[in-house]
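Take a look at the structure below.
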There are 2 protein chains.
Amino acid sequence: MDLKKSPLAPKNFPRMPGVTGVSSSTSLSGLKYKGRPDLLLVKLKSNTSVAGVLTKTSVPGCPVIWCRDKLQKGKAQALFVNSGNANVFTGSEGQTAVKEIAKAVSASLKCPVSSVFMASTGVIGEKLNYKKIITKIPKMSENLKEGNWNKAATAITTTDTFPKGASEVALIRNKKIQITGIAKGSGMIAPDMATMLSFIFTDANIPSNILQTLLSRNVQNTFNAITVDSDASTSDTLLLFATGAAKSKAPTSADDPVLKDFELALQSVMLNLAKQIVCDGEGAQKLIQINVTGANSKKSARKIGLAIANSPLVKTAIAGGDANWGRVVMAVGKSGEKANPDKISVCFGKTTIAEKGAVVEGYNEAPVTEHLQGREINITVDVGLGNGKSTVWTCDLTHGYIEINADYRS
Amino acid sequence: MDLKKSPLAPKNFPRMPGVTGVSSSTSLSGLKYKGRPDLLLVKLKSNTSVAGVLTKTSVPGCPVIWCRDKLQKGKAQALFVNSGNANVFTGSEGQTAVKEIAKAVSASLKCPVSSVFMASTGVIGEKLNYKKIITKIPKMSENLKEGNWNKAATAITTTDTFPKGASEVALIRNKKIQITGIAKGSGMIAPDMATMLSFIFTDANIPSNILQTLLSRNVQNTFNAITVDSDASTSDTLLLFATGAAKSKAPTSADDPVLKDFELALQSVMLNLAKQIVCDGEGAQKLIQINVTGANSKKSARKIGLAIANSPLVKTAIAGGDANWGRVVMAVGKSGEKANPDKISVCFGKTTIAEKGAVVEGYNEAPVTEHLQGREINITVDVGLGNGKSTVWTCDLTHGYIEINADYRS
């Protein structure tokens, strides 16, 4: 099927400089997609630190199981990604496929097998023809280039309508540090599976245990604060690589003040990529930001936010430009979290629609309807209890979603 | 908007005899719907026992709050329902509306205010013009009839495409007992809220505490085992009334052997009504039954079943006739419940697609595709752990859902 570029896509792929110690190349396996790259090889400076956050599914893909194991060592020298086949639910053959690809990468780049990280995205349950992939690796190893981001971001897409990248510069001990990431998600072709993959690279010198803390504590408000359709993938993978090429003295802990600027920049890259994924949600026409305040805790606020963001009734109302704030109240109610019905307030854009548990006197829908005509929708809900707050992002639910997932078969 | 009758609707409204001690009448308030009844008054024999199950939302409608309070006494003499306005999130005025309507019913039927049960379904957040409703009550009290089920079931609908009724006969101490119920859900007009209402009547003589036990323990596998779009309502109300007119000696407990046949018949009525609600899910073209076996517990099986039933990716795949079993595996994985990936098996219809954690050798998709052309789809998943099993029902997710909830505004 022909997918039009999302109306929420950025105008261009961002200009992103190379990260010292990171080079990449892409290739075409021809396994599923014709005439476009679907393989990515990234070479990393020896002694690169790595941290990762992987899907919590009870049915993880074979590359996820592999990464979980290899992350314990905290060191990486290569990353290999294929799109079109997720290598999930493929039995022992799927595990063989991962091992054989990792071995081939290891042989080409002359690095330990255990330093090769892997990710796959695409159809579930089909065997991965790893032999065909392996034949491409020697050539890919010869073509490695620094700053090859647009091609790298494109090679990991499935039916994303645009490649996703984000980059920031941070200072560590007055030294300029590059943080650059790519991501894919969550367009798909039936019978494929939406998956979120993101790889972030920096030349900072940060040990893997500190890197892991930084990554983990910034995931909750970035990648874990987005939802397209509530369906968690079997392959979600987020990896952060630090080559150390910038040669600054290593920090002593994740709370070392020298990391303050770096962490802000990292969070910015993560949030930027996460929001690009929502902007490419299947059939997305609008980006919806949901701010929940007044909850009993941050965790409670987040759960309420996700209940609103995952409500098909809220998402279809936004798609229809319908100022249906009652559905937002419904979603608060079903979240399972505490709220004070007599104190709930709801704002769409800058307009307060309801407060103290009822619609405001003389409520005028016109400015709300106007706000809903835009591409970026803001919903703020105060649930009238405490100081817990959280923001989540989603997209609307449109005919496009049904078309992508029901009307077409690959 | 014009809603076509669901292709899953039964051919006709069932023939249902009257229940002794129960009479009803309907009327038109003209508040929202033109030219169709939207008010239902049911008179119940004095000393009727009542049991109920109400929405767990933290933002309950005013009639829900009223019923929760009145259920404590366990006695009912009237039920009043309006459709078109849910009387939710309407502040203190909403509570006044409930009280005033109950008072008017009480005056007309000469029964205590606290014996009047109430339910409302429709738009959220709009004030209910109860004065207009009250003017209709005296006339309604004069027109009460036994066995008026089709009209009663129609008066409580919002944009349901067919009225829903079910009836069974049971024996208690060799006496024939009638159990008859009506229900509504879950068509809707934007900006309305889908709500599930169901009222079941029997002439059995059962004290309210026993009635409550019977109702509560059969809800989990009937009304709580269905889902259309995962959005729980602010108004969900299920009430069971026992007039005692059959004059059999009262049972001593819910486990009294004399109730065995009655409980089976009650469960049958509840399941029948629940499945009719799914068959009238917005845009539904297919009824999907999901059987989960091999889970750690019944509760775990149910949670896995609902994760599959609520997955937009599974529901759109079924809508598209796509044998996308990988999405079912994905939903198992995201449920948060334990599963053994190496032992999972998946069947569509009578075809085993995957077992022992991978697709079966020589899998032939043809019979599965044929099964998916039908109106009733069966999915069975064994998660390879224990003896926990559960069945849930849902419908597919189609363009009709988007049309009903996004494209039209009232």
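Observations on the model:
- Between the beta carbons of B:Asn291 and B:Glu146, assuming R0 = 60 Å, the FRET efficiency works out to 0.90 to the nearest 0.05.
- Beta bridges per DSSP, both residues in region B:22-279: antiparallel share near 70 percent.
- Its DSSP H runs of at least 4 residues, each contributing -39,500 (n - 2.57), put the calculated 222 nm mean residue ellipticity of chain B at -8500 deg cm²/dmol, to the nearest 500.
- Think of chain A as a dipole: +1 on every Lys or Arg Cβ, -1 on every Asp or Glu Cβ, centred on the Cα centre; then among A:Asn87, A:Gln72, A:Ile404, A:Gln72 lies furthest on the positive end.
- Extension gain for the segment A:Arg36 to A:Arg217, taken as residue separation times 0.36 nm less the Cα-Cα distance, is 61.6 nm to one decimal.
- Label-point spacing at B:Asn143 relative to the other copies reads 7.8 nm, in ascending order, each point sitting 7 Å out from Cα along Cα→Cβ.
- Entries in B:Lys73/B:Lys131; B:Lys247/B:Lys275; B:Lys56/B:Lys131; A:Lys103/A:Lys164; A:Lys4/A:Lys184 that, when Cα-Cα distance is taken, lie over 20 Å: B:Lys73/B:Lys131; B:Lys247/B:Lys275; B:Lys56/B:Lys131; A:Lys103/A:Lys164
- Rel. contact order, % - alpha carbon contacts under 8 angstrom, at least six apart, region B:42-183: 22 percent
- Summarising the amide proton neighbourhood of A:Met118: residues at separation of 5 or more, or on other chains, whose placed amide H is nearer than 5 Å comprise A:Cys67, A:Phe80.
- The alpha carbon radius of gyration of region B:22-279, expressed as a multiple of 2.2 N^0.38 Å, is 0.93.
- Chain B - percent relative contact order, Cα under 8 Å, separation 6 or more: 18 percent
- Assuming charge only on the beta carbon of Lys and Arg (+1) and of Asp and Glu (-1), the dipole of the protein assembly as shown about its Cα centre is about 1000 debye to the nearest 20.
- When the trypsin sites (Lys or Arg not before Pro) in region A:102-137 are filtered for DSSP coil states and for at most 16 other beta-carbon atoms within 10 Å of their beta-carbon, the remaining sites are A:Lys110, A:Lys127.
- Label point 7 Å beyond Cα along the C-beta direction, distances from A:Lys176 to other copies (nm, shortest first): 9.1
- Table column - 3J(HN,Hα) (Hz), region B:22-32, Karplus curve with 6.51, -1.76, 1.60, x for Gly and Pro: 10, 9, 8, 8, 10, 7, 10, 7, x, 5, 10
- Evaluated over the protein assembly as shown, the Cα radius of gyration and Dmax, each in Å: 28.9, 92
- The region of chain A that goes longest without hitting one of the GluC sites (Glu not before Pro) in a DSSP loop, each with at most 14 other Cβ atoms within 10 Å, is A:1-360.
- Computed from Cα atoms, the angle from the helix B:325-334 axis to the main principal axis of chain B rounds to 70 degrees.
- Among B:Ile179, B:Ile379, B:Ile200, residue whose mean-square fluctuation peaks in a GNM of chain B (springs only between Cα atoms under 10 Å): B:Ile379
- Anisotropy class of region B:287-407 from Cα gyration tensor, a/c 1.5 cut: oblate
- A straight chain from B:Arg68 to B:Lys299 at 0.36 nm per residue would run longer than the Cα-Cα distance by 80.6 nm.
- Put the Cα centre of region B:332-410 next to the Cα centre of region A:61-77 and the gap is 31 Å.
- The angle between the Cα long axis of helix A:91-109 and the main principal axis of chain A comes to about 60°, on a 0 to 90 degree scale.
- Low-density loop positions, chymotrypsin sites (Phe, Trp or Tyr not before Pro), region A:114-180 - DSSP coil, at most 11 other Cβ in 10 Å: none
- Among A:Thr121, A:Thr57, A:Thr293, residue whose mean-square fluctuation peaks in a GNM of chain A (springs only between Cα atoms under 10 Å): A:Thr57
- Think of each Lys and Arg Cβ as +1 and each Asp and Glu Cβ as -1; about the Cα centre, that makes the dipole of region A:243-402 roughly 440 debye.
- Point-to-point label distance, A:Glu100-B:Gln373, nm (Cα→Cβ direction, 7 Å offset): 3.8 nm
- Surface accessible to a 1.4 Å probe, B:Asp255 within the full protein complex, Å²: 110 Å²
- Fluctuation leader among A:Pro63, A:Pro163, A:Pro17 - chain A, Gaussian network, Cα springs under 10 angstrom: A:Pro17
- Degrees between helix A:298-309 axis and first principal axis of chain A (Cα, 0 to 90, nearest 10): 80 degrees
- Within chain B: Cβ-based charge dipole about Cα centre, in debye rounded to nearest 20 (Lys, Arg +1; Asp, Glu -1): 1540 debye
- Each copy carries a label point for A:Lys131 at 7 Å from Cα along the beta-carbon vector; from one copy to the others these points are 8.4 nm apart, nearest first.
- Restricting region B:342-396 to chymotrypsin sites (Phe, Trp or Tyr not before Pro) in coil, as DSSP defines it, with at most 16 other Cβ within 10 Å: B:Tyr363
The values are calculated or read from the model by the stated rules, or taken from the named source; none is laboratory data. Just so we're clear, the structure is a prediction, and the values are computed from it rather than from any experiment. Please note: Cβ atoms are built from the backbone with ideal geometry, for glycine as well, and neighbour counts cover all protein chains shown. All accessible areas refer to the heavy atoms of the entire protein, side chains included, with ligands and DNA or RNA removed. Shrake-Rupley method; radii C 1.70, N 1.55, O 1.52, S 1.80 Å.
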